[in-house]
1. Ranking request for peptides 37-46, 101-110, 57-66: highest mean number of other beta-carbon atoms within 10 Å first, then the rest in descending order.
2. Using only the alpha carbons, work out the radius of gyration and Dmax of the range 76-131 in angstrom.
3. When the expected Rg is taken as 2.2 N^0.38 Å, what fraction or multiple of it is the alpha-carbon Rg of the range 30-163?
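What follows is calculated from the coordinates using simple rules that are stated; it is not laboratory data. Note that the coordinates shown come from a computational prediction; the quantities given were computed from them, not determined experimentally. Here the Cβ positions follow ideal geometry from the backbone for every residue, glycine too, while neighbour counts run over all protein chains shown.
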Amino acid sequence: MRPWYWITCAALLAVGCQTETPPSDPPVAAAVPSVDTFTFDEIDIAGCGLTLLAPDTDSRIDGLYLFSGWPADNEAGTGSMRMKLDGEIVNFVRTETSGSEIIGGQFISQTFVSQDGRTTVVVEITQTTPQPDPEVLAIDAATLRLEQDGETTTLDLVGDTGC
């Protein structure tokens, strides 16, 4: 065989042995969805219920983060709570309540689960103020905790509940 053949084989072997395997990409961490605001025009329920929004905002201009309507038997399949996550309206079903019941069919503490079962939202109402209208209760302080795929985000909100 010719000498150039052996030199080429040796060079290829040397280069091949020194080539590093590129590191594999780390697994993508689960990301909690963005919690967006929406208007009542974007959801299919209205009436009595709980609305939560950012402090010092106007729901008609800035939108709201959560609307929980009065759960009815006919809503068992669609849920009574709506939020906008990653730009999409998501339907939730209330699965747990604790604390006292308040106006509008709501409770001091409520847990909601998305219909696909991936997302859990816990709402804790910590301060309320009665309003001149006996069917409305101002929510001066509430915490919304959203959990998905082991990740959590928390929002401090205000709002009201009533009919």
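1. Packing order, densest peptide first, comes out as 101-110, 57-66, 37-46.
2. When restricted to Cα atoms, the range 76-131 yields Rg and Dmax of 12.3, 37 Å.
3. My calculation over the Cα atoms of the range 30-163 gives 0.97.
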